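Student: If you scroll down you'll find the structure; I have some questions about it.
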Amino acid sequence: MESNSPKKILLISNRVMHYRSRIYNKFFDLFKSLGYEFHVVSNEFQKVDFPIRYIRHDLEFSSVKYKKFIAEMSPDVCINFLHLKDKMIIPLTFFCRRRKIPMIYWNHGINIKTPDAKLKNLIFHFIHTISSAIILYSPVQLKYLSQKNQKKTSIAKNTLDFSDVDRSVLRAPAEVKAAYGIKEKRIVMYISRILPYKGLDILLDKFQNVPDVGLVIVGGGISEQQKSIVDSTPNFYYLGEKYGKDVDEIYQMGDVFSTPGHIGLALNQAMYWGKPVAVLNRIHAPEIIYLKNGENGFIVNTADELKEKILELCNDDEKYAKASLAARATYEKEMQIENMFQGFIDAIHFVGK
């Protein structure tokens, strides 16, 4: 006699960042509508300011503990969202194979920051081969897989879920500016962790004392030298780390978004708010596929060009309005969470569940 209980999908994750919890909440709803139960197990969940709907399991990393957990739960499908440094990644894959539980690998394919690391790539290729299916962030990453493993791969273009954003509770941009003491007409936003390769120093160098253009910086990790520059420059503002409603208000207030050296999911959030994006032509996260040069933002070759294009948007209302509309249209057409979710369903169907 067949059971009417829903099939269980178990995502085995490294640290679950706050924005991922929003995604997983939406995945829980979408999975439920299709008759699945969505569980997430991790050693660490970042604190969030909204209710968790997906089924959460806190468990410190240990091959023994995770094997026991999987055996007791008996999921229908496991999804592996671990790094190589999480040493249980291969043992858990083999454990699931022995128990005839499909294990789907979800990631970039390799470490895209070290694409020529031969030994690491050999290990990644081994993981691809022993996995039941593969989910990648972008079709661009298919090149990191063998032809054989490409055949069991689906694409889940990475995005964010904003369905729970309540615009009605956000302060108007003028109120937000007044609250932070921002006087400039146009705002360039850097909202991200502050890491050397992300290029905050480029913005600090190029936008000092630019008339009527403020640089607003949000994120942890600012250095003493960077903070000193901000404190001594009238049109620079460092607002610390912000999440939830606070960061939504800043995106709504700003005009152009830039993390020049490296951009990821912040691009999606900027385009949700209709903000054009400007970056340098460097190695970026897979979300760069959404940035259409000259339409919803710019990809340029030098820091001087970056400044030129940002100021072009700040000083030409017609060009800005066109780019802003294009950014929002990209979100509406290409960045819906349902598009990402379909990649997961494709992989689950591939493994016969």
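Student: Need the list of aspartates and glutamates near Lys353 for cross-linking: C-alpha distance under 20 angstrom, and skip anything on the same chain fewer than eight residues off.
Tutor: Partners within reach: Glu2, Asp29, Glu37, Glu72, Asp76, Glu338.
Student: Roughly how far apart, in whole Å, are the Cα centres of the stretch 147-214 and the stretch 38-107?
Tutor: The stretch 147-214 and the stretch 38-107 have Cα centres spaced 31 Å from each other.
Student: Between the DSSP loop rule and a limit of at most 15 other Cβ atoms within 10 Å, which GluC sites (Glu not before Pro) in the stretch 41-79 are left?
Tutor: Within the stretch 41-79, the qualifying GluC sites (Glu not before Pro) (loop, at most 15 other Cβ atoms within 10 Å) are Glu44, Glu60.
Student: With a cut-off of 8 Å between alpha carbons and a minimum separation of six or more residues, what is the relative contact order of the stretch 1-114 in percent?
Tutor: Result for the stretch 1-114 is 28 percent.
Student: Keeping all protein chains in place and using 1.4 angstrom, which order do Glu287, Glu332 fall into by accessible surface area, from largest down?
Tutor: Per-residue accessible area, sorted high to low, gives Glu332, Glu287.
Student: Taking all protein chains as present, what is the carbon and sulfur share of the accessible area of the stretch 239-309, in % to the nearest whole number, probe 1.4 Å?
Tutor: Carbon and sulfur atoms account for 43 percent of the accessible area of the stretch 239-309.
Student: Related question: Using Cα pairs closer than 8 Å and at least 6 residues apart in sequence, work out the relative contact order for the stretch 244-353, in percent.
Tutor: Worked out over the stretch 244-353, it gives 25 percent.
Student: Follow-up. Express the accessible area of the stretch 1-158 per residue in Å², computed with a 1.4 Å probe while the remaining protein chains stay in the model.
Tutor: Solvent-accessible surface per residue comes out at 51 Å².
Student: Could you tell me the accessible area of Ile194 in Å² (1.4 Å probe, neighbours in place), rounded to the nearest ten?
Tutor: Estimated to the nearest 10 Å², Ile194 gives 10 Å².
Student: For the chain, what relative contact order do you get, as a whole percent, if you take Cα pairs closer than 8 Å and at least 6 residues apart?
Tutor: 14 percent
Student: Please report, in cubic angstrom per residue, the volume enclosed by the convex hull of the alpha-carbon atoms of the chain. Please report the intermediate quantities before stating the final value.
Tutor: Numbers: hull volume 51.7 nm³, N = 353.
Dividing the Cα hull volume of the chain by its residue count gives 147 Å³.
Student: On to the next question. Rank Tyr197, Tyr180 by accessible area, highest first, at a 1.4 Å probe radius? Intermediate values should be presented prior to the final figure.
Tutor: Working: Tyr197 90, Tyr180 60 Å².
Ranked from most to least accessible, the order is Tyr197, Tyr180.
Student: Next question, about the same structure. Ignoring ligands, DNA and RNA, what accessible area per residue does the stretch 235-333 give at 1.4 Å, in Å²?
Tutor: Per residue, the stretch 235-333 has 39 Å² of solvent-accessible surface.
The values are calculated or read from the model by the stated rules, or taken from the named source; none is laboratory data. Bear in mind the structure is a predicted one, so any value in this text is a computation, not a measurement. Here the Cβ is made from the backbone with ideal geometry for all residues, glycine too, and neighbour counts use every protein chain on show. The accessibility values were calculated without ligands, DNA or RNA, using every heavy atom of the protein model including side chains. Shrake-Rupley method; radii C 1.70, N 1.55, O 1.52, S 1.80 Å.
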